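None of the figures in this text is laboratory data; all of them are computed from the coordinates on show. Please read these numbers as outputs of a predicted model, since none were measured by experiment. When we count neighbours, we look across all protein chains shown, and the Cβ atoms used for this are built from the backbone with ideal geometry, even at glycine.
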Amino acid sequence: MSSSGQHLDESLRQLVDEVIQGHATVEQYHELSCRIVSDQEACQFYVTSAAIHARLGRIYSLETTCCPDTETTFPKPREEKSHHWTKMMSGSILAIMLSVGLISLFSILPGPAVPAGVKRIGFYEVVSSHCPSSDSQVTPDRTKQIAVYAGDRLSFACQTTRFTCANGVVMTLTGPAELKLESLESCRLFEGKIVVHVPKGAEGFRVKTARSEVIDYGTDFGISVNDQGESKVAVFNGEVGVGSLSTGDQTQLLTGQGVTVNREGHLDRLVMIDSSTFSEENNLRVSPLITNVEDNIRRSEVLNYYRIVSGAMLEDQQIYVDRVHEFNGIDQRGVPEYLRGGELLMTFNDDKVTGDFTMKVTLAQPADLYLLYDTRLETPVWLAENFMQLDDRIGVDEQTRTTGPERLGVGAGVSVDNVMSVWKRRIPQAGSVTLGHNGMAFEKRNLMYSVIAVPIEGVTSSSAGEIPKESSSFADPATQN
């Protein structure tokens, strides 16, 4: 052991000894994890030390079998085979540790002894890594499921980790993050991004932050906390309660609603979320194309948010933030190829009946902007004059209150209830585009239009501002019919 780590500092030696002897604290496990991830020689030192420890333990157990007072005896293995096996295991452990380098040490090392009476909550597994020097596509390994117990406080640098609790709650945590599992009913998020699914029967699950507490009522929601303790909360489906620990302010959030909690504990509207708000940006490290959305009807006390979903324009993609309707190809050919993988701006279906509605969409670079429009409606002038209608159509699979979500079909051409036409406009530079209302046939059965942005290959632009109008007859979208 000394030959492999002569110049290593004494603190590492002590740390490795504590871990191998099973006396290390959770903090020491995390410290050693960081050391072996960042220092290959430290990694080799641990592997060698662990192998020697295992070898000595084996020799000791063999020697004790020769004592006359020992009642249980074990057959002595062949020395050559044992030596060969130890070398193979040491090499295998090192290869595994180097190959998954940035995965948490907890998936490699045995955990510390659990005190009697501490309740097991469930387990976690690292599902991907978004570190700059690592491959983001990490295949989940079910053999690396690590048990977690009440009181565990865990931190992850740049991994996405899935926690599965005994009560069915599933939490997907994106680092850098630090989380404490308090019980089956609550956890505390110190920093990071988390998406939580709470099934029926586990309602009441709580996520606490430095300045707020979120109480679930059976739903899917996301929370992000930055290093200043400020947080964002958004409901994807269902309902939660949000309370400020500083001001005592409280509010209920439904599907498509969200709030921010600032450093003073005040609750404000969360205007927009994208794929990186509560998780890593689609594991692609792609900057959002749509960077901002504004409308003329939502006041600050209205808590609905717009949602930008990168690479989402696929079969069975949810369309609206306030409905669970889905896109479908109208036949087995599916969604048109040029739309697949586009960045979807999820609008509000309720805006379909707002006569003076306008929306400003800001793009970070040149793009083809597509608008999907209900074929049952008369085309408004602002749309006809600024977009070109294409031949393709998109199906819509609607959920109705009478039939429930089980009516939603799966796959192209399945359960198509209504049809949308496809309109296109090329946006040659970065900047803002203003869109108008949904037409004059304001019937509740109709659908609000949807917006999809696709970057133009090989074209970049640093320009910004309002995009030039494409037609000299273009008027204010809010006044056109």
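If r is the Cβ-Cβ distance from HIS266 to ARG445 and R0 is 56 Å, what FRET efficiency results, to the nearest 0.05?
0.90
Read phi for every residue in segment 172-177 and hand back ³J(HN,Hα) as whole Hz from Karplus 6.51 cos²θ - 1.76 cosθ + 1.60, θ = phi - 60°, with x for Gly and Pro.
Values per residue, Gly and Pro as x: 10, 9, 10, x, x, 8 Hz.
Could you work out Rg/(2.2 N^0.38 Å) for segment 188-332, with Rg from alpha carbons only?
Rounded to two decimals, the normalised Rg is 1.07.
How would you order 166-172, 42-48 from highest to lowest mean count of nearby Cβ atoms within 10 Å?
The peptides rank, most packed first, as 42-48, 166-172.
How high is the relative contact order of segment 120-273, in percent, with contacts defined as C-alpha pairs under 8 Å that are six or more residues apart?
14 percent
For segment 140-197, just say rounded, prolate or oblate: build the C-alpha gyration tensor, square-root its eigenvalues into a ≥ b ≥ c, call rounded for a/c under 1.5, and beyond that prolate if a/b exceeds b/c, oblate if not.
rounded
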